[in-house]
Amino acid sequence: MIPLHDDNPTERTPFVTIAWIAACVLVFFYQASLPAGSGETFVFQYGAIPALVFGEADLPEMGVAIPPYATLITSMFLHGGWMHLIGNMLYLWVFGNNIEDVMGHSKYVVFYLTCGILAALSHAVTDPSSSVPMVGASGAISGVLGAYVLLFPRARVLVVMPGLGATRVAAGVVLGMWFVMQLLSGGMSIGSTGGGVAFFAHIGGFLAGMVLIGLFKRPDVPFFAPSRRGRWED
């Protein structure tokens, strides 16, 4: 299912969500403008490589740009292609504005980055010796989805389903099915080597969002609400 829009209006402009999207798009254009060799080096320098994060390997041929732990953040702004970028930004736009709305801008920044870091670590611990860089905002966005499913499971989401066209489905169903797919795909990916989708980053990010949302949301924002009610100031 491809989400297009939800029926959950916001009370404030999602400046941070817009900034995340703009940053990812700008970095992608810069990345795409690099020659092939330089583009690969850029990904190895700023993507999160488990073996470097855990200190199990060194890749001196790629050069050192920043400390390995910092790549847990920079990797969130890199993407592997147009479809990777568009898919991530679509999910962030549909669901991120409501989460920013119930937290306020500053708390949302901390929440998003924390979920992204925990997601990257969730992927890294499954293969700590891997020298394949992980890139993409999907781990942090998964945290947003985990928060959304606890706050607004009854909100309606306009989705496109292959062969069936567009229809409105409860957010709990959309995000629940998405999470089950990550669990199944993650289970099947165990033992595989090389690149691919970091399903355990999605799983870890989603669970992190579910755990952290209670700490970051406004006290007067209820769980399991059908839609947004009222206004919360930052």
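The values are calculated or read from the model by the stated rules, or taken from the named source; none is laboratory data. No experiment lies behind these values; they were computed from the predicted model shown. Neighbour counts are summed over all protein chains in view; Cβ atoms, including those assigned to glycine, are modelled from backbone coordinates with ideal geometry.
Out of Ser131, Ser185, Ser142, I need the residue that is surrounded by fewer than 17 Cβ atoms within 10 Å (Cβ to Cβ), touching a residue at least 24 places away in the same chain (Cβ under 8 Å) and either more than 19 Å from the chain's Cα centre (by Cα) or assigned to a helix (DSSP H, G or I) (or both). Which one? Talk me through it step by step, then tell me what you get.
Values: Ser185 fails: touching a residue at least 24 places away in the same chain (Cβ under 8 Å); Ser142 fails: surrounded by fewer than 17 Cβ atoms within 10 Å (Cβ to Cβ).
The match here is Ser131.
Within the group Phe42, Phe29, which residue is out of contact with any Asp or Glu (no Cβ under 7 Å at 6 or more places or on another chain), outside any loop (DSSP other than H, G, I, E, B), free of Cβ contacts under 8 Å to residues at least 60 places away in the same chain and surrounded by 13 or more Cβ atoms within 10 Å (Cβ to Cβ)? Spell out the reasoning first.
On the way: Phe29 fails: surrounded by 13 or more Cβ atoms within 10 Å (Cβ to Cβ).
Sole residue among the options that is out of contact with any Asp or Glu (no Cβ under 7 Å at 6 or more places or on another chain), outside any loop (DSSP other than H, G, I, E, B), free of Cβ contacts under 8 Å to residues at least 60 places away in the same chain and surrounded by 13 or more Cβ atoms within 10 Å (Cβ to Cβ): Phe42.
Which pairs have Cβ atoms under 8 Å, sit 6 or more apart or on different chains, and link a residue in the range 208-234 that is under 11 Å from Phe152 (Cα atoms) and in a loop (DSSP other than H, G, I, E, B) to one that is charged (D, E, K, R) and at pLDDT 90 or above?
Phe224/Arg154; Ala225/Arg154; Pro226/Arg154; Ser227/Asp7; Ser227/Arg154; Arg228/Asp101
List the residue pairs whose Cβ atoms are under 6 Å apart, where the first residue sits in the range 1-18 and is within 21 Å of Ile86 (Cβ to Cβ) and part of a helix (DSSP H, G or I), the second is at pLDDT 90 or above and not polar (S, T, N, Q), and the two are 6 or more positions apart or on different chains.
Hits for this filter: Val16/Glu100; Val16/His105; Val16/Tyr108; Val16/Val109; Thr17/Gly96; Thr17/Glu100.
Only one residue in Ile66, Ile86 is surrounded by fewer than 16 Cβ atoms within 10 Å (Cβ to Cβ) and in a loop (DSSP other than H, G, I, E, B). Which one? Steps first, please.
Numbers: Ile86 fails: in a loop (DSSP other than H, G, I, E, B).
Exactly one residue qualifies, and that residue is Ile66.
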